[in-house]
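The values are calculated or read from the model by the stated rules, or taken from the named source; none is laboratory data. These numbers were taken from a predicted model, which means no experiment stands behind them. Reconstructed Cβ throughout: ideal geometry from the backbone, glycine too, with neighbour counts over all protein chains shown. Calculation scope for accessible area: heavy atoms of the full protein, side chains included, ligands and nucleic acids excluded. Shrake-Rupley method; radii C 1.70, N 1.55, O 1.52, S 1.80 Å.
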Amino acid sequence: MSAEQTNIKVVVRVRPYNRRELEQNQRQIVKVLDNNTLLFDPDEEDDEFFFQGTKQNYRDITKRLNKKISMDFDRVFDPEATNRQIFEECTSPLVASVLNGYNCSVFVYGATGAGKTFTMLGSDSCPGLTFLTMRELFDKIQAQSSTHKFDVGVSYLEVYNELVMNLLTKTGPLKLQEDSNGVVVSGLVLKPIYSADELLQLLAQGNSNRTQHPTDANAESSRSHAIFQVHIRMTDRKTGTKRTVKLSMIDLAGSERAASTKGIGVRFKEGASINKSLLALGNCINKLADGMKHIPYRDSNLTRILKDSLGGNCRTLMVANVSMSSLTYEDTYNTLKYASRAKKIRTTLKQNVLKSNMPKDFYIKKVTELMAENERLKIKVAQLEKASEATRSYNESELKAWYSKIDAVYASVIKTQEYVIGTQSKIKSMNFREKLKKENIACNKLLERNSVNSEEVSELKVKKKNLHVLYVCSLTTFYSNFASILFSLKLISDIFIIRQVALSVSLRVTYPLLLCTYRQ
């Protein structure tokens, strides 16, 4: 399976002033310019000084110059941003990547008191990224339960004074070992879970066992690094394909200076151990950003555990928490510097797909069935194409046979029509001749009479002419009736041809008669 090269996604969250910073009226050293850019150590808004109506430009020589460094990140959240907003924009897409077979990690980085633990764990009224991410993960697992089988197990570790402890069972220290799958914790047993409520209950249990002590810099300072991991094995119910993925939520302890925390005794030793592990983490980030081949992961147990998250097969999100107060100037600058370097780290992503235990005969049977289905569909497509071509084209020989039949029927109709018309014409002509002959005889008798005056003679001429017109009109009516008779002839099956023939015959006979009458 092909691998995908990607960079670590780095976002910065700027927390607002706390009570102590507000009381001391500290200067703002981080200014959010837009969603991707911030300005570190901006110019102060000095009071303007005028002398004799002219603004005076001056510089306090006892004050150092501002750095005014502009830094770009994948996302910058201002003090008004909530955990829900960060989750929706940054960690929610990681849940989809986990269910697609990719390892994912989220870790927070920053100085003590910068708000890392609040970002990861949150509070009762404002849940953190871990709570929101786990709830989203189980919602999507529930939605895909019909197609996949999920086996989920969790572990919760802490690195305290370079010792790896199990927060769920309060046992340890545990040893780290490396095998072909990467760094593993010897003796660690995953806790199986079956619901989101059970997972969140284990998370709360682990948090209660985590080492925390108040310092001058933070009243709820975490004295250890916490690593909460969810291991998921997904099995496709149809193919039996298995995938194993890991989602890590890492809450790092904050870097601190003894002068600011005023730690002594155990607190001083804890701070030194925290700084040592964070220094090793910073060195690894620098080496990875520079593209060095040798990365000193073994300098600390923390970096050994984070090996997969930093430079391995993992999609990683780094949330850098900083304070906007000048009270933590150096810590904020170092955090932003390491976060900027971490953007250059490239990781290689591969889907974690395990070989299936299905027998070879199963795949042979599936391939055979698919090949048979493919051949059947090919035959069906060929038949449909052939039928489509048949409807689009016609056979010329079949049409010629129909043409000859139509011509023969038309010729017989014409011949029959001519015979009928000729016979009827002869009969009518003979009848009208007899009638006219009788009328002429009667007219001649009347003309022979001497008593007939000229008016009677003209009347007889008009009558004779009317008789001739009547003869012509009778012929016209006869032929029209004959044309209507032809409509009912069933000599052929196509009634359209009969109509055309009758109309043409009627016009052939009627038109000459009408023309002759007009001329007379």
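Right, Val76: aliphatic (A, V, I, L, M), at pLDDT 90 or above and within 30 Å of Thr241 (Cα to Cα) or not?
Numbers: aliphatic (A, V, I, L, M): yes; at pLDDT 90 or above: yes; within 30 Å of Thr241 (Cα to Cα): no.
Considered against the rule, which asks whether it is aliphatic (A, V, I, L, M), at pLDDT 90 or above and within 30 Å of Thr241 (Cα to Cα), Val76 comes out as no.
Residue under question is Thr119, and the condition is that it be part of a helix (DSSP H, G or I) and touching a Ser or Thr at 6+ places or on another chain (Cβ under 6 Å); does it hold? Reasoning before the result, please.
Values: part of a helix (DSSP H, G or I): yes; touching a Ser or Thr at 6+ places or on another chain (Cβ under 6 Å): no.
Against the criterion (part of a helix (DSSP H, G or I) and touching a Ser or Thr at 6+ places or on another chain (Cβ under 6 Å)), Thr119 does not qualify.
Test Leu203 against the stated conditions and say whether it is touching a residue at least 12 places away in the same chain (Cβ under 8 Å), open to solvent by 20 Å² or more (accessible area, probe 1.4 Å), within 28 Å of Tyr297 (Cα to Cα) and among the hydrophobic types (A, V, I, L, M, F, W, C).
So Leu203 does not fit the description; no.
Quick check: anything in the range 77-96 β-branched (Val, Ile, Thr), farther than 26 Å from Glu330 by Cα and open to solvent by less than 50 Å² (accessible area, probe 1.4 Å)?
Checked against the condition, which is being β-branched (Val, Ile, Thr), farther than 26 Å from Glu330 by Cα and open to solvent by less than 50 Å² (accessible area, probe 1.4 Å), the range 77-96 yields at least one hit.
Considering only the range 7-32, state which residues are loosely packed, with under 15 Cβ neighbours inside 10 Å and within 32 Å of the chain's Cα centre (by Cα).
Matches in the range 7-32: Asn7 only.
Report yes if some residue within the range 152-166 is part of a helix (DSSP H, G or I), under 25 Å from Ile305 (Cβ atoms), without any contact (Cβ under 8 Å) to a residue 60 or more places away in the chain and open to solvent by 20 Å² or more (accessible area, probe 1.4 Å); otherwise report no.
no
Take the conditions more than 24 Å from the chain's Cα centre (by Cα) and at pLDDT below 90 and apply them to Gly101. Does it pass? Show your work before the answer.
Values: more than 24 Å from the chain's Cα centre (by Cα): no; at pLDDT below 90: yes.
For Gly101, the condition - more than 24 Å from the chain's Cα centre (by Cα) and at pLDDT below 90 - is not met.
Do we have any residue at all in the range 132-154 that's of a type in the set (Ser, Thr, Tyr) and either under 30 Å from Val32 (Cα atoms) or in contact with a Pro (Cβ under 8 Å, 6 or more places away or on another chain) (or both)?
Of the range 132-154, the ones of a type in the set (Ser, Thr, Tyr) are 133, 145-147.
Going one step further and asking which of them are either under 30 Å from Val32 (Cα atoms) or in contact with a Pro (Cβ under 8 Å, 6 or more places away or on another chain) (or both), we end up with 133.
Scanning the range 132-154, I find at least one residue that is of a type in the set (Ser, Thr, Tyr) and either under 30 Å from Val32 (Cα atoms) or in contact with a Pro (Cβ under 8 Å, 6 or more places away or on another chain) (or both), so the answer is yes.
What about Pro214, is it at pLDDT 85 or above, open to solvent by 30 Å² or more (accessible area, probe 1.4 Å) and over 32 Å from the mean Cα position of the chain (by Cα)?
Values: at pLDDT 85 or above: no; open to solvent by 30 Å² or more (accessible area, probe 1.4 Å): yes; over 32 Å from the mean Cα position of the chain (by Cα): yes.
Criteria not met by Pro214.
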